[in-house]
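Beneath this line is the structure, given in structure tokens, with notes to follow.
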Amino acid sequence: QVQLVESGGGLVQAGGSLRLSCAASGSIFTFKTMGWYRQAPGKQRELVATISSGGSTGYLDSVKGRFTISRDNAKNTVYLQMNSLKPEDTAVYYCNSVPSWSYWGQGTQVTVSS
């Protein structure tokens, strides 16, 4: 079974930066499109950024130009560099495949203060 472990979240002021990491187990990782999702309190989970096995990326409009997704297939790891953070980016961030597996990791909390 795939395991996903997210890390790198924290409390940051508006305009600050964070870099999230997601370590995935299993060789299937290399062949999957991966994504970062987030869920804010009282809201549905949304897909924020995607990266294909070949490195093509896609972003939610609200994060374009501020977030950058990348991956290291040798390390089975996906990253999300988040710059110019806004209070509305506050959420628990998760990584998963796209479309998602049924298993979800614990996520990592990102809190942006104004």
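Give the residue that is least open to solvent (accessible area, probe 1.4 Å), with candidates limited to residues of the stretch 1-60 that are closer than 15 Å to residue 99 by Cβ and among the charged types (D, E, K, R).
Ranking the qualifying residues of the stretch 1-60, first place goes to 32.
Considering only the stretch 49-77, state which residues are in a strand (DSSP E or B) and of a type outside the set (Ser, Thr, Tyr).
Answer for the stretch 49-77, where residues must be in a strand (DSSP E or B) and of a type outside the set (Ser, Thr, Tyr): 49, 51, 58, 67, 69, 71, 72.
Any residue at all in the stretch 9-20 that's under 11 Å from the mean Cα position of the chain (by Cα) and in a loop (DSSP other than H, G, I, E, B)?
Checked the stretch 9-20: at least one residue is under 11 Å from the mean Cα position of the chain (by Cα) and in a loop (DSSP other than H, G, I, E, B).
Just to check your reading of the model, which residue among 13, 39 is in contact with a Lys or Arg (Cβ under 7 Å, 6 or more places away or on another chain) and touching a residue at least 40 places away in the same chain (Cβ under 8 Å)?
From the options 13, 39, the qualifying one is 39.
Quick one: is residue 80 open to solvent by less than 40 Å² (accessible area, probe 1.4 Å), assigned to a loop (DSSP other than H, G, I, E, B) and among the aliphatic types (A, V, I, L, M)?
no
Inside the stretch 83-107, can you point out the residues that are part of a loop (DSSP other than H, G, I, E, B) and either under 15 Å from residue 22 (Cα atoms) or of a type in the set (Asp, Glu) (or both)?
98, 100, 101, 103, 104, 105, 106, 107
The values are calculated or read from the model by the stated rules, or taken from the named source; none is laboratory data. From a predicted model like this one, the values you see are computed outputs, not experimental measurements. For neighbour counting, all protein chains shown are included, and Cβ atoms are generated from backbone atoms with ideal geometry for every residue, glycine included. The protein model used for the area step is the full one, side chains on, heavy atoms only, and it has no ligands, DNA or RNA in it. Shrake-Rupley method; radii C 1.70, N 1.55, O 1.52, S 1.80 Å.
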